[in-house]
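The structure appears right after this line, and notes come after that.
The values are calculated or read from the model by the stated rules, or taken from the named source; none is laboratory data. Just so we're clear, the structure is a prediction, and the values are computed from it rather than from any experiment. Here Cβ is always computed from backbone atoms with ideal geometry, including for glycine, and neighbour counts include all displayed protein chains. Ligands, DNA and RNA are stripped out before the accessible areas are found, and what is left, the full protein with its side chains, is counted by its heavy atoms. Shrake-Rupley method; radii C 1.70, N 1.55, O 1.52, S 1.80 Å.
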Amino acid sequence: MPEEELHSIRIHLDRILAERGMTLTELSAQVGITVVNLSVLKNGRAKAIRFSTLSRICDILGCQPGDLITHEPAEPGPPAGDSGQ
């Protein structure tokens, strides 16, 4: 994966949809964006999301942005210049 695509943001749309008993198609119709765009978001391939879209998703699913999106930082490596001795 190219470096510009690496990130530690995780999307939990699939879990929340399952908890709500809702399909991606149903959410798409209610939010007003395509199933393809929601699928890109759900699968973690989105590079951005508009706040208006995020707000509509949260309204429909009755959740907070933090329920949908989390940050999972990569394991930190040794500090620069540390030879490990």
Checklist line | In segment 1-19, residue modelled with the lowest pLDDT [restricted to those that are surrounded by 11 or more Cβ atoms within 10 Å (Cβ to Cβ) and part of a loop (DSSP other than H, G, I, E, B)] | finding: 7
Next item on the list: Looking only at segment 60-73, decide whether some residue is at pLDDT below 95, over 17 Å from the mean Cα position of the chain (by Cα), among the acidic types (Asp, Glu) and open to solvent by 60 Å² or more (accessible area, probe 1.4 Å).
Entry: no
Notebook entry, point to check: Of the residues that sit in segment 20-37 and are of a type in the set (A, V, I, L, M, F, W, C) and part of a helix (DSSP H, G or I), which one is farthest from residue 71 (Cα to Cα)?
Noted result: 29
Item checked: segment 38-56, residues that are of a type outside the set (Val, Ile, Thr), free of Cβ contacts under 8 Å to residues at least 12 places away in the same chain, open to solvent by less than 90 Å² (accessible area, probe 1.4 Å) and in a helix (DSSP H, G or I) -> 52, 55
